[in-house]
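Read the structure below first, then the notes.
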Amino acid sequence: MSALKQLSTVGVNCADPAALAAFYHKATGWEITHSDQDLVSLGSAPAVQLAFVRVDGYEPPGWPDGATYLHLDFTVSDLDAAVEELLGLGASRPDFQPGEGRWIVLTDPEGHPFCLSAAPAGH
């Protein structure tokens with residue numbers, strides 16, 4: 001028997017929860033499910049929620065300096081179009097790109113890296 005049944009939320013530390021949640025809301029189309037001064041959550045039932053949590057003195061993770069503890073991976077139907085759209089929403093594309101083209105690393109407006117990969121054909 002396993003003690004952990006289902007992942008419900010991924011917490012993302014940040015300086016401005018509302019602004020970071022707005023970026024991911026625009027990027028994913030997921031709805032805001034909770035919002036207050038220190039925490040904004042979004043998701044699409046029954047998917048895992050993303051919770052953006054205010055941390056005083058927040059310092060963004062480094063990429064690729066090894067200080068990254070967690071990142072999100074997303075599949076997209078058109079990799080090039082998704083990259084352009086996300087850059088237009090405020091993401092950045094770091095120079096360092098591992099994976100030999102199998103995925104693309106971007107960073108959100110607060111510096112968290114996230115990866116994009118093409119969905120398998122037919123998905």
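Taking region 33-65 only, how many residues are touching a helix residue (DSSP H, G or I) at 6+ places or on another chain (Cβ under 9 Å) and of a type in the set (Ser, Thr, Tyr)?
3
Which count do you get for residues in region 51-65 that are in contact with a Ser or Thr (Cβ under 7 Å, 6 or more places away or on another chain) and of a type in the set (Val, Ile, Thr)?
0
Which residues, counting only those in region 49-106, are among the charged types (D, E, K, R) and closer than 18 Å to Asp16 by Cα? Give the steps one after another, and end with the answer.
Looking only at region 49-106, we keep the residues that are among the charged types (D, E, K, R), and these are 54, 56, 59, 65, 73, 78, 80, 84-85, 93, 95, 100, 102.
The answer is Arg54, Asp56, Glu59.
Going through region 81-114 one residue at a time, which ones are in contact with a Pro (Cβ under 8 Å, 6 or more places away or on another chain) and assigned to a loop (DSSP other than H, G, I, E, B)?
Across region 81-114, the qualifying residues are Gly90, Ala91, Pro94, Phe96, Pro98, Glu110, Gly111, His112.
Read-outs throughout are calculated quantities, based only on the coordinates presented, and are distinct from any laboratory measurement. It should be emphasised that the depicted structure is a prediction, and the values quoted were computed from it without experimental measurement. Backbone-built Cβ (ideal geometry, glycine too); neighbour counts: all protein chains shown.
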